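Here's the structure, in structure tokens; my notes come after.
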2 protein chains.
Amino acid sequence: MERHNKIGRYEFLVEPFHCDFSNRIFMGHLGNHLLNAADFHSNERGFGMHFLNGIRKTWVLSRLAIEVNEMPVAYTRLSVETWVDSVMRFFTQRNFKISDHETGKIYGYGRSVWAMIDTETRQPADILAIKEGSIAEYVDKETICPIAASSRVRMSDEGQWAGKVETHYSDVDVNGHINSVKYVEHLLDLMPEAWHRTHCIGRIDVAYVAESHFGDVLNYYCETTGEGKTAYRIMKQRGEEPPLEACRVEITTVKPHL
Amino acid sequence: MERHNKIGRYEFLVEPFHCDFSNRIFMGHLGNHLLNAADFHSNERGFGMHFLNGIRKTWVLSRLAIEVNEMPVAYTRLSVETWVDSVMRFFTQRNFKISDHETGKIYGYGRSVWAMIDTETRQPADILAIKEGSIAEYVDKETICPIAASSRVRMSDEGQWAGKVETHYSDVDVNGHINSVKYVEHLLDLMPEAWHRTHCIGRIDVAYVAESHFGDVLNYYCETTGEGKTAYRIMKQRGEEPPLEACRVEITTVKPHL
């Protein structure tokens, strides 16, 4: 397969109401554009949810990292390019490049890891057993993604409680799970205005551990993990059941872009 | 001006992660598409925020009504048509038609009322004094919008307290105000899963009274206003200041579309 067929390129408008008070896109909406690009790219190549639903399989996002030089402002026409970097039996790695659709200016890159599961057993499914392993034809090892690999977000068990979020109707996706980008959106909503006025996000790493559901309460615990780096452990709780880890997020801040 | 130049038509994809657990678009995201269409239409005709910001004026959404037969499902290519129905000195009325971009199937309609204000004094500005009143050239009185006029949402002072919402970073737009569609999104988030499984929204009316800001607490008070109709008064509170009315919303429910 030609290399240019391996890469999908999608245009997104940075909508004005998807921008924060500094007129730059919310990280949650940027993450959503990346997930859309992944969805379109895999559907167009016959490995997306449209095909997988019919054989009782689905993709589950395992890790997502986004690293930006700058967050695009309202009305920017973004180009999100995405390609599959490697395929193993139970995981694929998918990369992203985020640039200005007209000027080519690069805003940043993304990396992600996806597992395939059986929707009935919820057990890992063998990706290479699907369509005789032909997903390998789409693997592009040549295109460079110049950011560090996505992280498992290592942290101790000593995190400090940082806040509690109840999940509601608008958090839940068609699978009945809390939408992947909502963990990040809620985390940034825990920060006061003063934090947002003095910090910009340079990189975000999300490691998904277990799905949470409508009505689960999410407790956020934080720990400083380096210069400008804070990791968060998100524990889900359902009624009187013991809390379980749902997700970990590491935020790396930089000086404000403004 | 030709009638077809008076109507703007914009295509939007119903993104999979903008759909609820029933695979239908969230009302907040549908409302956002309408506000985008209004923004694009007015900018393209020289009466949008891009022009107004330079003369220290802005549009303020005063009322929004959306009435739907059915909410579109994921991957639908929506067409949102919008046109200005009437212009008065301090207000314009703008209508919307929501249909399937390919089949033309009609999902519903919208109506809205907009005021123009001076961004320094926050006082009403004379719309007809701008560009010698040439906004009147874009008024389309022929195209039909077959839903009732947007409502002021009348209710008594006897509403029952229905819930409290703290506002956070992701609620705030570039003007520092709580985003217009967030009042609706938060309202729907007050409802438990059982309500969403047994109710669908047939119509929503929003009457904006005063802007609220990052950190304001919103208290929702509700009152039954008719068969399947509930009105909500949203009171904003900032620290120890007395509460003030921010917005009223009336929801008209129908039997589930599913």
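The values are calculated or read from the model by the stated rules, or taken from the named source; none is laboratory data. Because the structure is predicted, anything quoted here is derived from the model rather than measured. Neighbour counts are summed over all protein chains in view; Cβ atoms, including those assigned to glycine, are modelled from backbone coordinates with ideal geometry. The accessibility values were calculated without ligands, DNA or RNA, using every heavy atom of the protein model including side chains. Shrake-Rupley method; radii C 1.70, N 1.55, O 1.52, S 1.80 Å.
Overview of results
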| quantity | calculated |
| --- | --- |
| Estimated distance in nm for a label pair at B:HIS50 and B:LEU128, the labels positioned 7 Å out from Cα along Cα-to-Cβ | 2.8 nm |
| Qualifying GluC sites (Glu not before Pro) in the range B:76-136, DSSP loop, other Cβ atoms within 10 Å at most 13 | B:GLU102, B:GLU120 |
| 16 Å Cα-Cα reach of A:LYS105 towards aspartates and glutamates, excluding residues that sit fewer than 8 places from it in its own chain | A:GLU11, A:GLU67, A:GLU70, A:GLU81 |
| Unit charges on C-beta of K, R, D, E only; dipole of the range A:121-258, Debye | 320 debye |
| For the protein assembly as shown, alpha-carbon Rg relative to the globular expectation (2.2 N^0.38 Å, N residues) | 0.99 |
| By accessible area with a 1.4 Å probe, ligands and nucleic acids excluded, highest first: order of B:MET71, A:MET235 | A:MET235, B:MET71 |
| Mean projection area, nm², convex hull over Cα of the range B:20-107 | 6.7 nm² |
| Where B:THR143, B:THR121 fall by accessible area, highest first, once all protein chains stay in place (1.4 Å) | B:THR121, B:THR143 |
| Nm distances between copies for A:HIS199, ranked from closest, using label points 7 Å along Cα→Cβ | 3.7 |
| Residue-level accessible surface for B:ILE201, protein heavy atoms, 1.4 Å, Å² | 20 Å² |
| Average other protein chain Cβ within 10 Å of Cβ, residues B:165-173 | 6 |
| Orientation-averaged projected area, Cα convex hull of the range B:1-69 (nm²) | 6.5 nm² |
| Distant alpha-carbon pairs in the range B:111-239 (separation over 18 angstrom), percent | 65 percent |
| B:ARG122 accessible area, assembled protein chains, probe 1.4 Å, Å² | 100 Å² |
| Unit Cα scatterers, Debye sum, the range A:1-156: log10 I(q)/I(0) for q = 0.10, 0.12, 0.17, 0.19 Å⁻¹ | -0.37, -0.53, -1.00, -1.18 |
| Above-threshold pairs, the threshold being 21 Å between Cα atoms, out of A:LYS236/B:LYS255; A:LYS182/B:LYS182; A:LYS57/A:LYS182; A:LYS255/B:LYS236; A:LYS255/B:LYS182; A:LYS6/A:LYS97 | A:LYS236/B:LYS255; A:LYS57/A:LYS182; A:LYS255/B:LYS236; A:LYS255/B:LYS182 |
| Solvent exposure ordering (accessible area, 1.4 Å, most first) of A:THR92, A:THR103 | A:THR103, A:THR92 |
| Exercise: per-residue mean of other protein chain Cβ atoms within 10 Å, A:176-184 | 1 |
| Shielding by partners - mean other protein chain Cβ count within 10 Å, residues of A:12-22 | 5 |
| Where GluC sites (Glu not before Pro) fall in DSSP loop in the range A:15-70, at most 16 other Cβ within 10 Å | A:GLU70 |
| Helix-only CD estimate at 222 nm, as mean residue ellipticity for chain A, using -39500 (n - 2.57) per DSSP H run (n ≥ 4) | -4500 deg cm²/dmol |
| Cα centroid separation, the range A:111-170 to the range A:194-258 (Å) | 16 Å |
| At 7 Å out from Cα toward Cβ: B:SER134 inter-copy label distances (nm, ascending) | 5.7 |
| Stokes-Einstein D (µm²/s) once Rh is taken as the Kirkwood radius of the range B:66-117 over alpha-carbon pairs, at 20 °C in 1.002 mPa s | 178 µm²/s |
| Nearest-first distances (nm) between copies at A:ARG238, label 7 Å from Cα via Cβ | 4.2 |
| Solvent accessible area, Å² - A:TYR75, 1.4 Å probe, full protein context | 70 Å² |
| Centroid-to-centroid separation of the range B:27-55 and the range B:69-85 [C-alpha atoms, Å] | 16 Å |
| Listed residue (B:THR103, B:PHE26, B:HIS41) projecting farthest to the positive dipole end of the range B:3-138, Cβ model | B:HIS41 |
